[in-house]
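Here the structure is laid out as structure tokens; the discussion comes afterwards.
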Amino acid sequence: MDDEMMRRPNRRKLLILISVVFFTWLLYWNRSGLTSDSEDSWIVEGHGQSRIVPRKCVVPEWNTKNTNSIPHAAEFGHWRRQYLGGHNDMLDAESRLLSAFVYPDQISIVTTAFHTYTKEVTCLYFDCNQREIPKSRYKSYVMPLTVVSCARRAGAEFVSLKWNEDDDEEIIEDPIPLINRVYEQPAHELSVCVGPLYGDESKWLEIIEYVEHYRLMGTTMFYFTIFNMNEYDRRIIDDYERMGLAESTKYIMEYVKLGWMFHLIQTHECHYRSRFHSKWVINMDIDERLVYNGPNNFIHFMRSIPPSFSEISIASNRVLKFEDFPAKFKNEQQLLKDMTFLKYNQTTETSWYNLKGIIRPEKVALLFYHWSVRQLDDTKIMSVPKRFAYIRHYRSVDENKLNSNWRTFYNGGLTETRLEENFEKRLSSAVMKRVKYVYDRRMIRCEEIAPATFKRFERRLLDCAFKNESQILY
Ligand SMILES: *[C@@H]1O[C@H](CO)[C@@H](O)[C@H](O)[C@H]1NC(C)=O
Ligand SMILES: *[C@@H]1O[C@H](CO)[C@@H](O)[C@H](O)[C@H]1NC(C)=O
């Protein structure tokens with residue numbers, strides 16, 4: 001009995017000791033966990049001040065590649081000495097970083113000033129914390145137009161440029177992120193580089209007619225470039241981006257307005273944006289619509305093009321457009337009257353004078369507006385017979401628009417033409433659907449607000465309109 005009585009407290013002591021050891025260990029384990037955690041977080045409290053501790057960069061497998069050169073360096077070097085594709089315009093423009101892309105075999109940075117063409121420049125690489133990666137700089141030059149191509153660097157997530165290698169005082173522009181184009185297979189089979197959107201004419205309906213037209217032809221991605229645009233027009237681009245159908249490049253430049261003089265930057269930016277992302281890219285302005293009359297459908301035709309071709313050329317005609325697009329959506333009847341492809345049919349002869357190209361971006365070396373001037377890997381250009389495909393160019397006859405005096409140089413005849421009936425029907429209902437989804441909007445009706453809410457906040461805070469009131473829409 002006594003023995004038993006003696007053992008119990010001993011056992012208790014042992015139990016307490018074990019518990020203390022266990023909890024001490026647990027506490028220590030927890031704290032060591034905390035310390036290593038905090039090294040991964042953003043802010044560490046110090047004595048009266050905090051400092052930002054950078055997080056560790058996680059570098060995915062595809063971004064662990066280093067290269068020592070850029071592909072086709074000899075060819076580009078040769079064209080650079082010839083000053084091929086040089087464009088001396090906008091002489092004082094700031095060279096800004098517009099966008100940057102990482103491909104399987106190189107990085108390319110698109111800048112904004114023509115006058116840097118062929119200049120030497122150094123590529124700078126930054127990690128996820130925007131810290132320059134030590135000993136990573138790469139010497140390159142501007143070619144083509146405003147594009148700088150650089151070697152790849154493992155872990156690079158941001159890039160910038162240094163124009164004067166020896167100038168330690170040079171202020172480096174804030175780095176911009178690399179957009180991932182490391183695709184083994186292109187994500188899209190057929191896409192569209194949409195010409196620059198600028199000027200005062202309303203664009204929302206033109207954009208919808210354009211996108212829905214090319215969607216019916218099998219395209220799945222639209223690369224937009226936004227120069228100047230009002231909020232109403234901008235909404236449709238946001239909607240196409242929401243649907244995964246579009247990407248857009250916004251130009252932040254020192255100029256208040258950008259116009260057609262920056263068109264070449266747009267074609268180059270889109271060329272580099274679409275490389276490895278899209279197999280084929282249709283290079284068309286917002287008023288140009290491709291029409292295919294050949295066998296099967298257009299995607300089928302594109303699939304039949306042998307890999308030895310990097311561009312197909314298409315002839316165009318012009319359809320006379322007499323009025324501007326409407327500023328706002330009113331109603332369905334008005335919309336049917338406003339649709340360009342239903343409204344205009346006076347057509348010029350189709351000619352090779354204004355040809356447009358569909359390109360394989362990674363096989364094209366140099367572009368001039370809508371067609372290529374140099375191709376890579378000995379690829380060639382194919383012209384598509386007019387009876388298979390042509391471009392309807394809905395061309396304004398307004399004297400105040402760019403090149404609007406074109407009719408004085410045209411001495412051919414005019415005929416009445418329109419889209420194929422079934423296509424036209426599908427197009428007008430697709431346009432109607434999109435317009436109504438995005439632009440057929442109304443105010444909140446005061447009647448639909450719960451009486452309690454209405455009473456509590458009062459009308460002036462509720463921004464609503466009664467059914468019996470006329471509505472001012474924005
Ligand atoms: C062309 O448009 C005019 C005027 O809108 C119309 O009268 C004519 O029938 C149209 N022609 C064709 C072939 O659709
Ligand atoms: C519209 O209806 C609301 C509520 O039914 C009423 O308070 C308001 O006076 C009416 N307004 C007009 C202009 O008739």
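Points worth noting:
- The order of the peptides 231-240, 191-200 by mean Cβ neighbours within 10 Å, most packed first, is 191-200, 231-240.
- Label sites at SER304 and ASP238, each approximated as a point 7 angstrom past Cα along Cα to Cβ, lie 4.4 nm apart.
- For VAL373, the residues whose modelled amide H falls within less than 5 Å of its own, excluding neighbours fewer than 5 places apart on the same chain, are LEU366, LEU367, PHE368.
- Residues CYS270, CYS57, CYS128, CYS123, ranked from the fewest to the most other C-beta atoms within 10 Å, line up as CYS57, CYS128, CYS123, CYS270.
- Within the straight-line cut-off of under 18 Å between alpha carbons, the lysines reachable from LYS257 are LYS203, LYS401, sequence neighbours fewer than 8 places apart in one chain being disregarded.
- Region 171-225-region 332-382 distance, computed between alpha-carbon centres (Å): 15
- Sorting the segments 422-430, 207-215 by their residues' average number of neighbouring beta-carbon atoms within 10 angstrom, most packed first, yields 207-215, 422-430.
- Under 20 Å from the Cα of LYS455 - lysines, other chains or at least 8 residues apart: LYS467
- Stretch gain in nm, segment ILE171-SER202, where the contour uses 0.36 nm per residue and the Cα spacing is subtracted: 7.2 nm
- FRET efficiency for MET90 and THR220, using Cβ-Cβ distance with R0 set to 51 Å, rounded to 0.05: 0.90
- Loop-located chymotrypsin sites (Phe, Trp or Tyr not before Pro) in region 49-137 (DSSP state not H, G, I, E or B) with no more than 13 neighbouring Cβ atoms inside 10 Å: TYR83.
- Cα shape, region 338-392, gyration tensor, a/c 1.5 rule: prolate
- Spacing of the modelled spin labels on TYR410 and CYS464, each 7 Å from Cα toward Cβ, amounts to 5.3 nm.
- Counting other Cβ atoms within 10 Å as a rough exposure proxy, the listed residues ARG456, ARG360 run ARG456, ARG360 from fewest neighbours to most.
- Ranked for footprinting exposure by Cβ neighbours inside 10 Å, fewest first, HIS72, HIS370 give HIS72, HIS370.
- Partner aspartates and glutamates for LYS330 [C-alpha distance under 16 Å; skip if fewer than 8 residues away on the same chain]: GLU206, ASP233, ASP338, ASP440
- Stretchable slack from LEU17 to HIS78, in nm (0.36 nm times residue separation minus alpha-carbon distance): 13.9 nm
- Taking every DSSP bridge with both residues inside the chain, close to 60 percent are antiparallel.
- Theoretical gain in end-to-end length, SER351 to VAL373 [0.36 nm per residue, Cα-Cα removed]: 5.9 nm
- Integer Hz, Karplus 6.51/-1.76/1.60 couplings in order for region 126-133, x for Gly and Pro: 10, 8, 4, 8, 6, 9, 4, 6
- Relative contact order of the chain, pairs being alpha-carbon contacts under 8 Å that are 6 or more residues apart, as %: 12
Quick note: the coordinates plus some simple rules give every number you see, no bench work behind them. Note that the coordinates shown come from a computational prediction; the quantities given were computed from them, not determined experimentally. With ideal geometry, Cβ positions are generated from the backbone for all residues, glycine too; neighbour counts draw on all protein chains shown.
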